[in-house]
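Undergrad: Let me begin by handing over the structure; questions about it come next.
The values are calculated or read from the model by the stated rules, or taken from the named source; none is laboratory data. If you're wondering where the values come from, they're calculated on a predicted model, not measured in any experiment. Cβ placement follows ideal geometry from the backbone for every residue including glycine, while neighbour counts extend to all protein chains displayed. Keep in mind that these areas ignore ligands, DNA and RNA; they rest on the heavy atoms of the full protein, side chains included. Shrake-Rupley method; radii C 1.70, N 1.55, O 1.52, S 1.80 Å.
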Amino acid sequence: MPMFTRLFLRSCTLLILSFTLLLSACGPGEASKTATTLPTISTQPLSATSTGDQPTVLTVVAAGGALAYQWFKDGTAVAGATASTYATQAAGSYTVTVTNTLGSVTSSAATLTITVDPVITVPPQSVTVTAGKSAELSVVATGVGLTYQWFRNSTLIVGATGSSYTASTTNAATAADSFYVVVSSSRTGAKAVTSSTVTLSISATAIAPAITAAPASLTVTAGNAASFAVQATGTDLTYQWFKDAVAITSATRASYAITTVAALNAGSYYVVVTNSVGAVASSVATLAVTPVGSNSNTAVVVAVANAFISTLNTSQAIVAGSSLSSATVLFANNLDNARAWSDVVGARHGLRLNTATLSVLQQSAADALISAALSTTGTTLMSEIRLSDNAVASLNPASGAGAALYSIAFIGQPSATLPWTLQLTGHQLTYNITYNTSLPSATPMFIGAQPPNWTFSSGGVYTVNNTASTANTSGTPHAAMESQRLAVSALATSLQSSTTTVSTAKLATTMSDLLMGPTASGDTRYKAVAYPTGTTGRGVLVSTLTTAQQATVKAVVQAWAATQAADVAQTLLGVYLTDIALASTYVAYAPGTGGVADFGAYPNASALPGNAGNSYLRIDGPRVWIEFIVASDGTLTGNVHYRSVWRDKVADYGGQY
């Protein structure tokens, strides 16, 4: 979950859920269909502060019978805001007038303050190198739609637009140079923030590493972000972070950040700082993770879903007569409607998430719902995947792809008590999040990255075959599934680098597609294709792997679960990653065309991208099923793209069907 606070007032008890406000309260309610008394307000809407990338749900509790509501922003009635709750991401002063046939009453004003500016949580550090060597400067920041621009001696460095920048004496940096980075947000009204200025020093001799500031212990609520940082002196320093004495893959900077914290991240962390002269280990810092309540986000999502429905016209909010209807958001809760999603470009059921279908108010309410239902990681993933569809459409107009073709649908009526599914679906992404069953569910979830990496320049040019260096010089870099790719690559590398698991984890067959993925006709493989059984042909048991290898397996599962709200992710990870579950969980890979399972970055920068094609990895547990494949790209000819599916063998669609 994002780093802001939800206050959920229920049964007159204040619960801190995360950093958005949901205000709900006990009271006499409004069960009566007849006005019995003048309206009275027992719980006023409360003021709140939010970063604005999740909705704030304002709530009033009133009595009097047969009540009607109208919310106002800065004194002006908000169209469609006629429920006891109102979800918004816009700053302002809000009141609500509650009316029945006997009279009306207006609430006190609640002020919503939106803090839109990015925040630098780990600033860059000064570095010292020997002649001819380089050093990486990096920054960690929070905010919405962040972009970066590095400066040397107050002059913009062309192409230095990532969260890190490699400075060296070979790219014109000298001992007199100073550096800083400006971090900007895409949010309207946000002010850019500038980091402190750091220096690059050049030493004639190597200087041994010494730690001047050790990482600090943290206590973080599940779903929020956490970061450790170390400060050290010495020349040509390198870093390696460890958790519980096991090296963390790709954690090789002066800071280590976890975007979406879960219980499995709790533990002891330290970093080893090394150069040619020696190495030094920091003191240990602990990360304690505070759990969230089970199903604690459900009421938030239901409130925001109903607020979205309240913005729709009658035809947009009737129950569809066809599973393929694109005229309404509501569908009866049955299997035919639930599995009417696919991985092909074209028609989807539900309402299109575009301005031709939804008004500005409706789009804002839909965005608020998406943000409420997913973690920041999941919301960003959806946004990036939709943008990648725009890249496909630009590079191949005949593809018919585009962000505007993604849709939102409710399978069942949003309810605090009855099962229903929020479905967000399009060419390269489908989220199925099911509420109010005994089996919290985020599956089936399909995600794809076509292309895997791309940039978009200020001149409107898309580039899809970047290398690590050109990605930061040809425009703003994008890699929608980078978190998933990194985790899969680390696991595949650990399996193939072991003389034991290189053979025991290898599947006997070549994989050309996902075994349990969708088809052009929908989710037709659900309950139609059997999962592997038995003890042969499934790979290697996770319980037989080394501690380091097991850590990479857990990281893959977390990379998918981290897309979900904290309560959902917490529940599912608690089921998937128990010792008992891992004792019956298999992991397997299949080599690509080049002879190895290759999940390296920038696959289309290779002279032969197809060599990575058919590289495949899966996790096969008692419940969890995750597949990832590098597939040939029939739209952007000669390239490859990523396809993945996450299923739960018991709880797909909440285990309803």
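Undergrad: For region 255-408, would you read off the P(r) tail past 18 Å as a percentage of all alpha carbon pairs?
TA: Summing the P(r) of region 255-408 above 18 Å gives 71 percent of all pairs.
Undergrad: Give me the percent of accessible area attributable to carbon and sulfur for region 438-595, probe 1.4 angstrom.
TA: Accessible surface attributable to carbon and sulfur in region 438-595 totals 56 percent.
Undergrad: Return the distance in nm (one decimal) between the two label points of a simple spin-label model at Ser186 and Thr101, each offset 7 Å from Cα along Cα→Cβ.
TA: According to this spin-label approximation, the distance is 5.0 nm.
Undergrad: On each of the three principal axes of the Cα atoms of region 198-306, give max minus min coordinate, whole Å, ordered largest first.
TA: Here the Cα extents, ordered largest to smallest, are 66, 28, 22 Å.
Undergrad: Per DSSP H run of at least 4 residues, take -39500 (n - 2.57); add these up for the chain, divide by its residues and hand me the 222 nm value, nearest 500 deg cm²/dmol.
TA: -4500 deg cm²/dmol
Undergrad: I would also like to ask the following. Ranked highest first by the average count of other Cβ atoms within 10 Å around their residues, in what order do 80-91, 353-364 fall?
TA: My ranking of the peptides, most packed first, is 80-91, 353-364.
Undergrad: Sticking with this one: Taking all protein chains in place and a 1.4 Å probe, what share, in percent, of the accessible surface of region 122-240 do carbon and sulfur account for?
TA: 54 percent
Undergrad: With unit charges on the beta carbons (Lys and Arg positive, Asp and Glu negative) and the dipole taken about the Cα centre of the chain, which residue among Val392, Val280, Ala492 sits farthest to the positive side?
TA: It is Ala492.
Undergrad: How large is log10 I(q)/I(0) at q = 0.21 Å⁻¹ when the Debye formula is applied to the Cα atoms of region 483-627, each weighted equally and without solvent?
TA: Those come out to -1.45, one per q.
Undergrad: Can you give the Rg and Dmax of the chain based on its C-alpha atoms, in angstrom?
TA: Rg, Dmax (Cα atoms, Å): 25.8, 87.
Undergrad: Considering the options Gly80, Ala266, Thr547, tell which one lies farthest towards the positive end of the dipole of the chain, charges being +1 on Lys and Arg and -1 on Asp and Glu at the Cβ, about the Cα centre.
TA: The Cα lying farthest towards the positive end belongs to Gly80.
Undergrad: From the residues Ile629, Ala338, Ile114, which one has its Cα farthest along the dipole of the chain in the positive direction, the dipole being from +1 and -1 charges on Cβ of Lys/Arg and Asp/Glu about the Cα centre?
TA: Ala338
Undergrad: Could you pull the Cα extents of region 190-259 along its three principal axes, largest to smallest, in whole Å?
TA: Cα spread of region 190-259 along its principal axes, largest to smallest: 46, 40, 20 Å.
Undergrad: Here's something else I'd like to know. Suppose each label sits 7 Å from its Cα in the direction of the beta carbon; what would the Leu218-Gln231 distance come out to in nanometres?
TA: 1.8 nm
Undergrad: Using the Cα centre of region 323-473 as the reference point, and only Cβ charges (+1 on K/R, -1 on D/E), how large is the resulting charge dipole? Debye, rounded to the nearest 20.
TA: Here the size comes out at about 100 debye.
Undergrad: Any idea of the accessible area per residue across region 296-405, 1.4 Å probe, to the nearest Å²?
TA: Here the residues of region 296-405 average 35 Å² of exposed surface.
Undergrad: Run down the lysines and flag those whose C-alpha is under 20 Å from the C-alpha of Lys243, throwing out any fewer than 8 positions away in its chain.
TA: Lys554
Undergrad: Now for a different question. Asp513 accessible area, nearest 10 Å², 1.4 Å probe?
TA: Its accessible surface works out to 50 Å², give or take rounding.
Undergrad: Just the projected area, averaged over all directions, of the convex hull on the alpha carbon atoms of region 131-244: how many nm²?
TA: Taking the Cα atoms of region 131-244, their convex hull projects to 9.3 nm² on average.
Undergrad: About its Cα centre, what dipole magnitude does the chain give when the only charges are +1 on Lys and Arg Cβ and -1 on Asp and Glu Cβ, stated in debye to the nearest 20?
TA: 340 debye
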